[in-house]
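The values are calculated or read from the model by the stated rules, or taken from the named source; none is laboratory data. Since the model is a prediction, treat every value here as computed from it, not as a measurement. Here the Cβ positions follow ideal geometry from the backbone for every residue, glycine too, while neighbour counts run over all protein chains shown. These accessible areas exclude ligands, DNA and RNA; they are computed on the full protein's heavy atoms, side chains included. Shrake-Rupley method; radii C 1.70, N 1.55, O 1.52, S 1.80 Å.
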Amino acid sequence: MAFDTQALLTADRPRGPQGVEQAIAEIRDKFPGPARLGGVAAIRHIPARAAEFVPMPEELEPRVAGVLEGRGIRQLYSHQAEAFRLAGEGRNLVVVTPTASGKTLCYNLPILDSLVRNPDARALYLFPTKALSQDQLTELNRFAAELGDDVRTFTYDGDTPQDARKAIRARGNLVITNPDMLHAGILPHHTKWERLFENLKYVVIDELHYYRGVLGSHLANVLRRLKRVARFYGSHPQFICASATIANPADLAAHILEEDVTLLDRNGAPASDKYLVFYNPPVVNPQLGIRRSYLNESRRMARTFLGSGLETIVFANSRLATEILVTYLKEDFSRTPGGPDQVRGYRGGYLPLERREIERDLREGRLLGVVATNALELGIDIGSLDVAVLAGYPGTIASTWQRAGRAGRRQGTSAAVLVASSAPLDQFIVQHPDYFFGRSPEHGFVNPDNLEILLNHLKCAAFELPIEEGERFGTLDLETLCRHLTETGFLRHTGGAWHWVSESYPADAVSLRSVTSDNFVIVDNTGEPRVLGEVDFPSALTTLHEKAIYIQNGEQYHVERLDYDDRKAYVHRVDSDYYTDAISYTKITVLETFESRSQNEDDLDSRHPTPHTRLPSVNHGEVHVNTQVVGFKKIKFHTHENVGAGNLTLPEQEMHTTAWWLTLPHEMLAAMPYSSTDRQDGVRALGNALQAMAILLVMCDGRDLGVAVGENSRDLNRQSSIDDRQFFEPNIYLYDKYPGGIGLSAPLYRMSDQLLSNARSLIENCGCEVGCPSCVGPAGEIGEKGKEVAVAILYAIAAGNRDA
């Protein structure tokens, strides 16, 4: 359906709450469902909620209470008062309430109270981004200005001037930083931070749900080091965490802190009327399941709201998508009063001053619209917006609620519209709104005892303080690890302790964002050679192989040469109409099975009753993974046609990790009325759907979880022999793509029933005929019957369970 842009933008529409409701009605009338074919999949109205107030605590220091009263705050929300009480009892807390519910005061209030009573006490705030740190500094500086010299707040990060750092270490009693700076800039220099560690009373960890997988596993080790240094100076800090809604916030906090934690999740804050709209772009090719561009549809949605004068934020999932949408919307407003400057972009890569200017313009209402990456998802104060448009599912339900919460943060009717892409996760969520609106199914998991991560932080800990005999650092055998580091030249054992003897600075070699810090440097030879950036080791082999098209900030580079030994890739600028997609071969060998059980899904009804003697089983354990990039495809932009291919010979990569796998008995597959090739295609198709649904359940990045098919240690990702095909008994593996694993396989094993059920729903609810990127993958990759066989396998599993 075409729009007259100028008519849309100049139409006389009501503003404010009526404008929001009228725009929602317009969208509903113009784009009715059903969700499978495209249109509005769901509209949920969340009614306004009154605040639950309690009196200001009598124990609150009078000067702090006076500052709050001066701002018109004479009573607290119930969860804020409860947080103050629990913090006063010395409890470690995790506060889980929605966006704009006043979580900040849950930790600011007890800490400001403590600092005013004892200015020598110290507090350390950890935020995941610099922007969030700066936003919090602004708020705390307002308190400091009214409370006097008792509260001395500073940020300490990579942007802090060198001449200011000494003063911060000496005077600051509330230091705001991030885990990376704590890891590399504070703990290794703890002797310069003696006053902080001697008097450290509180540590705040904001956006706790952000710390899962690799980053969360690193943070847990950084906190082990922090508590170790604090004990050395005689302090035992108390932790206050804040998190978005996930299924296991207390469990995640307990694993990261390794302390008892009290959960506070009853919200007493008010909320305004909000509408949540799920929109699926219409199908344009039913056979292939191809839909209209979600970016164009997001532009259309944003235009509807902006044309009503409603202040709107559009969230995109990449920097490139952000810039595309900014360009589109500026074009739409180029001939309207106010012009294109009414819309701005916001993402990493903009200068700090420019980002602060955009934030200020949003707060003060000088901008009508902004297009942002997740840089504005977290709790930066950008004032009261009317609408949030989400261009694509953010990857987690928690992030979706956070982005939706950026509209209507203060009062008035607001709306959030999720525009689904063709990705499997997007399609599952938009076609299963009850799954989204129910109790959060998402879990955050960490594995602090991942051997590689733990060893790296053990080096850092030894650099900071000698490791005493009998000391604990994680759950592994510390003495064995220290002996290993002694044999490799890092430590020396003397006087009942292991001492750091290497000349290296270990924190520099450890990135908190990856398991290994072995990166490839990208050198641009277009003109004068310059360093373009770095790519982590696993990604380099698939994105920086020779003849690859490497994309950064929307610019394309052709890889001339990959110097594997020196870890460098040499590229030059090109204008290409295609991108490259690496083809890799993976072989998995089971080393040890930790747990195994026959699969039983009583909730699945059978359409394919199949008698067989052995049941499918789900398992998890330790595996050995061999991966090799053997070629690449050239994929045309926009049409996604395969326009060429090439062969590659890169070194094979090996790792031990953990995996979940589903074993399908030979008898079950042999009884199906399909050829051996069709069965193999169906198994691969099912693997793709299982991977997509596993990412949803364990709340991980798609790059954290690999999928492969194997059989009894034989590989089926390459062409098999005829004999092998006749006895086809596959394992579908979902494996952690980091050495040692990051804790995903065990929870997947526990959630196997839900994983298989979700995969079936995803496949059956997809409107394509033979497979598409939204469910099991395109037919060109999984065969004409891949989708059909994948569904048949799921029903055969249920039939076998019932027969058994």
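Numbers for the structure displayed
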item: Identity of the residue in segment 196-206, open to solvent by 20 Å² or more (accessible area, probe 1.4 Å) and either assigned to a strand (DSSP E or B) or out of contact with any strand residue (DSSP E or B) (no Cβ under 7 Å at 6 or more places or on another chain) (or both), that ends up nearest to residue 377 (Cα to Cα); result: 201
item: Lone unmet requirement of (1) open to solvent by less than 40 Å² (accessible area, probe 1.4 Å); (2) in contact with a strand residue (DSSP E or B) (Cβ under 8 Å, 6 or more places away or on another chain); (3) not hydroxyl-bearing (Ser, Thr, Tyr) for residue 446; result: (2)
item: Selected residue (criterion: farthest from residue 374 (Cα to Cα)) from residues of segment 404-443 that are of a type in the set (Phe, Trp, Tyr) and open to solvent by 20 Å² or more (accessible area, probe 1.4 Å); result: 435
item: Sole residue being part of a helix (DSSP H, G or I), at pLDDT 85 or above and small (Gly, Ala, Ser), chosen from 507, 569; result: 507
item: Failed item, numbered, when residue 275 is tested on (1) farther than 30 Å from residue 218 by Cβ; (2) at pLDDT below 90; result: (2)
item: Filter result for residue 355 (buried (at least 19 other Cβ atoms within 10 Å of the Cβ), closer than 27 Å to residue 206 by Cα, of a type in the set (D, E, K, R) and under 29 Å from the mean Cα position of the chain (by Cα)); result: yes
item: Any hit, segment 453-475, residues being open to solvent by 30 Å² or more (accessible area, probe 1.4 Å), out of contact with any helix residue (DSSP H, G or I) (no Cβ under 9 Å at 6 or more places or on another chain) and hydrophobic (A, V, I, L, M, F, W, C); result: no
item: Any chance residue 322 is in contact with an Asp or Glu (Cβ under 8 Å, 6 or more places away or on another chain), modelled with pLDDT under 95 and under 30 Å from residue 342 (Cβ atoms); result: no
item: Qualifying position, being of a type outside the set (Lys, Arg) and touching a Phe, Trp or Tyr at 6+ places or on another chain (Cβ under 8 Å), among 555, 595, 528, 546; result: 595
item: Failed criterion for residue 426 (all others in (1) over 22 Å from the mean Cα position of the chain (by Cα); (2) of a type in the set (D, E, K, R); (3) within 28 Å of residue 319 (Cβ to Cβ) hold); result: (1)
item: Residues being open to solvent by less than 30 Å² (accessible area, probe 1.4 Å), over 30 Å from residue 769 (Cβ atoms), part of a helix (DSSP H, G or I) and hydrophobic (A, V, I, L, M, F, W, C) - total across segment 307-344; result: 3
item: Residue 376 being open to solvent by 10 Å² or more (accessible area, probe 1.4 Å), of a type in the set (A, V, I, L, M) and touching a residue at least 40 places away in the same chain (Cβ under 8 Å); result: no
item: All positions within segment 738-763 that are modelled with pLDDT under 90 and either among the hydrophobic types (A, V, I, L, M, F, W, C) or open to solvent by 10 Å² or more (accessible area, probe 1.4 Å) (or both); result: 738, 739, 740, 742, 743
item: Selected residue (criterion: most open to solvent (accessible area, probe 1.4 Å)) from residues of segment 148-182 that are within 33 Å of the chain's Cα centre (by Cα) and among the hydrophobic types (A, V, I, L, M, F, W, C); result: 154
item: Inter-residue pairs, beta-carbon under 7 Å, first at pLDDT below 80 and in segment 347-366, second open to solvent by less than 40 Å² (accessible area, probe 1.4 Å) and among the β-branched types (Val, Ile, Thr), 6+ apart; result: 347/322; 347/373; 348/373
item: Enumeration of residues in segment 101-113 that are open to solvent by 10 Å² or more (accessible area, probe 1.4 Å) and either of a type in the set (A, V, I, L, M, F, W, C) or on the phi < 0 side of the Ramachandran plot (or both); result: 103, 104, 105, 113
item: Candidates 494, 526, 480, 488, filtered to the one that is in contact (Cβ under 8 Å) with a residue 12 or more places away in the chain and open to solvent by 30 Å² or more (accessible area, probe 1.4 Å); result: 526
item: Complete set of residues in segment 358-373 that are out of contact with any strand residue (DSSP E or B) (no Cβ under 7 Å at 6 or more places or on another chain), closer than 15 Å to residue 309 by Cα and open to solvent by less than 30 Å² (accessible area, probe 1.4 Å); result: none
item: Failed condition for residue 145, given (1) surrounded by 15 or more Cβ atoms within 10 Å (Cβ to Cβ); (2) within 26 Å of residue 61 (Cα to Cα); (3) of a type in the set (A, V, I, L, M); result: (1)
item: The listed residue being surrounded by 15 or more Cβ atoms within 10 Å (Cβ to Cβ), more than 26 Å from the chain's Cα centre (by Cα) and assigned to a strand (DSSP E or B), out of 680, 628; result: 628
item: Helices (runs of 4 or more DSSP H) wholly inside segment 730-791 containing at least 2 residues that are in contact (Cβ under 8 Å) with a residue 60 or more places away in the chain and of a type in the set (Ser, Thr, Tyr); result: 745-750, 752-764
item: Residue within segment 577-594 that is farther than 27 Å from residue 538 by Cα, surrounded by 13 or more Cβ atoms within 10 Å (Cβ to Cβ) and at pLDDT 90 or above present; result: no
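Yes/no matrix, rows are residues, columns are (1) open to solvent by less than 60 Å² (accessible area, probe 1.4 Å); (2) in a helix (DSSP H, G or I); (3) over 23 Å from residue 781 (Cβ atoms):
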{"site": "646", "(1), (2), (3)": "yes, no, no"}
{"site": "651", "(1), (2), (3)": "yes, no, yes"}
{"site": "654", "(1), (2), (3)": "no, no, yes"}
{"site": "658", "(1), (2), (3)": "yes, no, yes"}
{"site": "668", "(1), (2), (3)": "yes, yes, yes"}
